[in-house]
Structure formats: structure tokens, C-alpha cells
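Below you'll find the structure, written out as C-alpha cells, and then a few comments.
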Amino acid sequence: MSYNVAVLAGDHIGPEVMAEAIKVLDAVASAEGFSLNYSKALIGGAAIDATGGPLPQETLELCRESGAVFLGSVGGPEWDHLPPEKRPEVGGLLATRKALELYANLRPVKLYPQLASGCPLKERTDGKTVDILTVRELTGGVYFGEPKALSDEEGLDTMVYRAHEVDRILEAGFAAAKNRSGRVCSVDKANVLRSSMLWRQRAEAMGKAHPEVELSHMYVDNAAMQLILDPSQFDVIVTGNLFGDILSDESAALAGSLGMLPSASLGSSVHLFEPSGGSAPDIAGKGVANPLAQILSGAMMLEHSFGEVNAAKRIYDAVEKAIADGLRTGDIAGPGEDTVGTVAMGDAVAERL
Ligand code: NAD
């Protein structure tokens, strides 16, 4: 079996961590008996410098034709003077997400016990696992609802959800839960908002249709509090665009470093996989960036785009082993701990597959 992947490494640490992820993907592919064909294309600042724009047409066409899009990260101070739509983030990344109609953002946060000292809530998580997957709706809700208006006297946004939008994100959450511990917490504000009342009705119907998944509901204000009080109670959180934006960042803080956080954005055809952090210009070129978020994003790609669940699990396990064996890049090292660079961390994961 052979899979086509569009590789958009992007800017600053993007290419450095991408090289390590590809090393690990190739190693697991050969062990599992499949191959990955990579086609590289430009995005972000690298595309601006080479072609004048952050998202060349060839890049978008390659993404549409590929089995999955594997992205590094984009942006940097060199391009901050440009107008928003010409910048790497808006004109490159957001435009790609929009063009591919990516509607479900999956952000797993796992606190490895050996890294618990980096968790701001370590007293509350002691001895317990934190392993949360936030499934956030990405293309609807108050960020996109019409009408919108702004005058000196009034700012107007519209929060609207339609049944089909709610159903497809719930389906993504339920599907993810079946490969985990089988629990979904649907987060809404159904005591106040009409859009949330519809959300809850659809969630209840979905729960009845999938009795094998344990469904609970929580108001968003309580969910924000519960994530701090007892994060280990959550498995999959499925929620709308605005609530998911806030809760996924809140839960990300539990992992201690952006360098540990992968993500997947699912669309109706091609999906996109990228680390949650940015291009980290402050550490680029020094060989110290943590490649694990990119490597784990690659594992999510194998799982969600290609159905190579075994290969993905081997990567998750190898990352866990590398951490258990004491390998640390600077961002996840505790006081006095030895550190390794980007390449050594990539090698360590590949060796432990
Ligand atoms: P950032 O996420 O790049 O960095 C924040 C901090 O986290 C920095 O100290 C950085 O060194 C550290 N960090 C991030 N990833 C790391 C890794 N893999 N290993 C070790 N440390 C890591 O955020 P920023 O500095 O605010 O933004 C830098 C640029 O990235 C900006 O141009 C921003 O717009 C862009 N950005 C891009 C994305 C994306 O491509 N998805 C997301 C966020 C920001």
C-alpha cells in the first residue's frame, strides 16, 4: 500500500521538525509494510519569498490531490509588516483550512507522568492521567454566523448552528471516542443559547444512536472550571467553535509545552495535520526545537487519513518510551535534567518504534 502526502514544511522550525517526523514515518512505514510518497510544496513566508504570495495555486492543488496534508508551521517577524491577507498565517494557513473545508479540529493533550512537573496543575493531577481529546467545530458558530456588523454604537455577531453542522462534528467526536475510552462530554450553553439547545438535542439523538459511547453534557462555564479542578475526568470533549477555541487552549496548558501538542483538522475529503504551536523563530536554526508535536501529528495522519492504526500506535508508544527513558528537549526538561537536540529526539523515537 502506498499513500500520497503533501508536505508543507513552512517557516523557521517547520523544516527542522518536519525532517524528524518524516524520518519516524518512514521507519514505521517500512516496519508495517506500506510506503509514503511525499510531495513538497511552499506555504507561508517561504512561499512569499519565492513566489510573492503565501499560498501558491500549485500548493493548493497539490493539497487537494493528496491523501493528506502534513504541515509544519508558518510565520515570523520577517513577514509581520504585510497586510493580514498577505501574511503567512491568514493568507497561508487560514486560507488553506478554508479552501479544504476543514470542519473538525482534533487536539489531543496528554500529560506524560514523567513530565508532570511541567504541568501548572501538578498538585491536582498527581498520580492521575490527563489524556483529553478536544474536538472543536471549526467552520460554523459565532465566528462565521451572519449578519455581522460594527458601528460606533453597536457590535453584532450571530451565533448559529445548523443540524448538519452539529451532526458531523458530533460524529467526529463519537468516532474518536470509540478508539479511546468511549466517553464523550458534549459542552454547550444550552441553559441560555438557542444554538446550544439545538446542539444538545442533536447530541442526545446521537447518544441514543450510539449506546456504546457514554455521553455526558456539561455547560461551558462549568467545563472551564472542571478542567482546572479535575482534568483527569475528561476523555473526549466535543464542542462548538467559540467554546472549543477557549477550552482547547486551556487544556493545552496542562501538557506543559507547545512542543508536545499535535493536531488534526478533518474535512470532507482531505485532512490536515500540524503541531499546535507556531514557527518558534526564537529557537529556529539552533537544532533545539522539540519535534514530538510534529511526530505525533504524523501518527494522527496515519490513523485518521490512512487507517494505519497499528503504525500510529507504534509511534505513540515510541514517544512515550523516549520520554520514559529520560530524553528531553529544552522545553520539557526539568531543572538540572540533560537535554538533547531535535535530531537526537527524532532518532530516539525512530529507534524505539
Ligand atoms: P510559537 O508557538 O511559535 O512559540 C511560542 C513559544 O513556544 C516560544 O518560546 C517557542 O520557542 C516555544 N515553542 C513552540 N514550539 C516549540 C517546539 N516545537 N519546541 C520547543 N519550543 C517550542 O508562538 P509565537 O512565538 O507567538 O509565534 C511565532 C510565529 O508563529 C508567529 O509568526 C505566529 O504568527 C506563528 N504561528 C503559527 C502557527 C501555525 O503555523 N499553526 C500557530 C501559532 C503561531
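Counting only helices (runs of 4 or more DSSP H) that sit completely within region 1-78, those holding 2 or more residues that are under 14 Å from Gln294 (Cα atoms) and among the acidic types (Asp, Glu) correspond to 13-32.
Condition check ((1) buried (at least 19 other Cβ atoms within 10 Å of the Cβ); (2) within 16 Å of the ligand (Cβ to nearest atom); (3) part of a helix (DSSP H, G or I); (4) touching a residue at least 40 places away in the same chain (Cβ under 8 Å)) across all residues:
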{"residue": "Asn222", "(1), (2), (3), (4)": "no, no, yes, no"}
{"residue": "Ile228", "(1), (2), (3), (4)": "no, no, yes, yes"}
{"residue": "Val238", "(1), (2), (3), (4)": "yes, no, no, yes"}
{"residue": "Phe243", "(1), (2), (3), (4)": "yes, no, yes, yes"}
{"residue": "Asp249", "(1), (2), (3), (4)": "no, yes, yes, no"}
{"residue": "Ser263", "(1), (2), (3), (4)": "yes, yes, no, yes"}
{"residue": "Phe273", "(1), (2), (3), (4)": "yes, yes, no, yes"}
{"residue": "Ala280", "(1), (2), (3), (4)": "yes, yes, no, yes"}
{"residue": "Ala284", "(1), (2), (3), (4)": "no, yes, no, yes"}
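Are any of the residues in region 258-274 polar (S, T, N, Q) and within 14 Å of the chain's Cα centre (by Cα)? The answer is yes; a qualifying residue exists.
Going through (1) open to solvent by 10 Å² or more (accessible area, probe 1.4 Å); (2) in contact (Cβ under 8 Å) with a residue 60 or more places away in the chain one by one, Cys119 falls short only on (1). Looking at region 188-195, is at least one residue among the hydroxyl-bearing types (Ser, Thr, Tyr), open to solvent by less than 50 Å² (accessible area, probe 1.4 Å) and farther than 16 Å from Leu247 by Cα? Looking through region 188-195, at least one residue is among the hydroxyl-bearing types (Ser, Thr, Tyr), open to solvent by less than 50 Å² (accessible area, probe 1.4 Å) and farther than 16 Å from Leu247 by Cα.
Mind checking which residues of region 331-353 are at pLDDT below 95 and not in a loop (DSSP other than H, G, I, E, B)? Asp331, Ile332, listed by residue number. Determine if region 105-112 includes at least one residue that is within 17 Å of the chain's Cα centre (by Cα) and among the basic types (Lys, Arg). Yes, the conditions are met somewhere in region 105-112. In region 80-103 there is at least one residue matching the filter, namely being under 23 Å from Arg168 (Cα atoms), in contact with a Lys or Arg (Cβ under 7 Å, 6 or more places away or on another chain) and outside any helix (DSSP H, G or I). Taken over region 37-66, the criterion of being away from the ligand (no atom under 16 Å from the Cβ), crowded, with 18+ Cβ neighbours inside 10 Å and in contact (Cβ under 8 Å) with a residue 40 or more places away in the chain is satisfied by Leu62, Ser66.
For beta carbons closer than 9 Å, sequence separation of 6+ or different chains, a first residue in region 138-152 that is assigned to a loop (DSSP other than H, G, I, E, B) and a second that is open to solvent by 80 Å² or more (accessible area, probe 1.4 Å) and not aromatic (Phe, Trp, Tyr), the qualifying pairs are Thr139/Lys98; Thr139/Glu101; Gly140/Arg162; Gly145/Asp157; Pro147/Asp157; Lys148/Asp157.
Inclusion of Tyr112 among residues that are surrounded by 15 or more Cβ atoms within 10 Å (Cβ to Cβ), over 17 Å from Ile43 (Cα atoms) and out of contact with any Ser or Thr (no Cβ under 9 Å at 6 or more places or on another chain) is warranted. For region 79-97, filtered to residues that are among the small types (Gly, Ala, Ser) and within 23 Å of Ala293 (Cα to Cα), the residue that is farthest from the ligand (Cβ to nearest atom) is Ala95.
Criterion first (of a type outside the set (D, E, K, R), assigned by TED's automatic domain parsing to the domain that holds Ala312, under 18 Å from Arg314 (Cβ atoms) and over 10 Å from the mean Cα position of the chain (by Cα)) does Leu292 satisfy it?
Working: of a type outside the set (D, E, K, R): yes; assigned by TED's automatic domain parsing to the domain that holds Ala312: yes; under 18 Å from Arg314 (Cβ atoms): yes; over 10 Å from the mean Cα position of the chain (by Cα): yes.
Yes: the conditions hold for Leu292.
Would you confirm, using the coordinates I've provided, whether Glu85 is open to solvent by 30 Å² or more (accessible area, probe 1.4 Å) and free of Cβ contacts under 8 Å to residues at least 24 places away in the same chain? The answer is yes for Glu85.
Test Ala299 against the stated conditions and say whether it is open to solvent by less than 40 Å² (accessible area, probe 1.4 Å), at pLDDT 95 or above, part of a helix (DSSP H, G or I) and under 18 Å from Ser73 (Cβ atoms). Can you show your working first?
Details: open to solvent by less than 40 Å² (accessible area, probe 1.4 Å): yes; at pLDDT 95 or above: yes; part of a helix (DSSP H, G or I): yes; under 18 Å from Ser73 (Cβ atoms): yes.
Here the answer is yes, as Ala299 does meet what is asked.
Restricting region 304-316 to residues that are open to solvent by less than 60 Å² (accessible area, probe 1.4 Å) and free of Cβ contacts under 8 Å to residues at least 40 places away in the same chain, the residue that is nearest to the ligand (Cβ to nearest atom) is Ala312.
The values are calculated or read from the model by the stated rules, or taken from the named source; none is laboratory data. No experiment lies behind these values; they were computed from the predicted model shown. Note that each Cβ is placed from the backbone with ideal geometry, even for glycine, and that neighbours are counted across all protein chains shown. The protein model used for the area step is the full one, side chains on, heavy atoms only, and it has no ligands, DNA or RNA in it. Shrake-Rupley method; radii C 1.70, N 1.55, O 1.52, S 1.80 Å.
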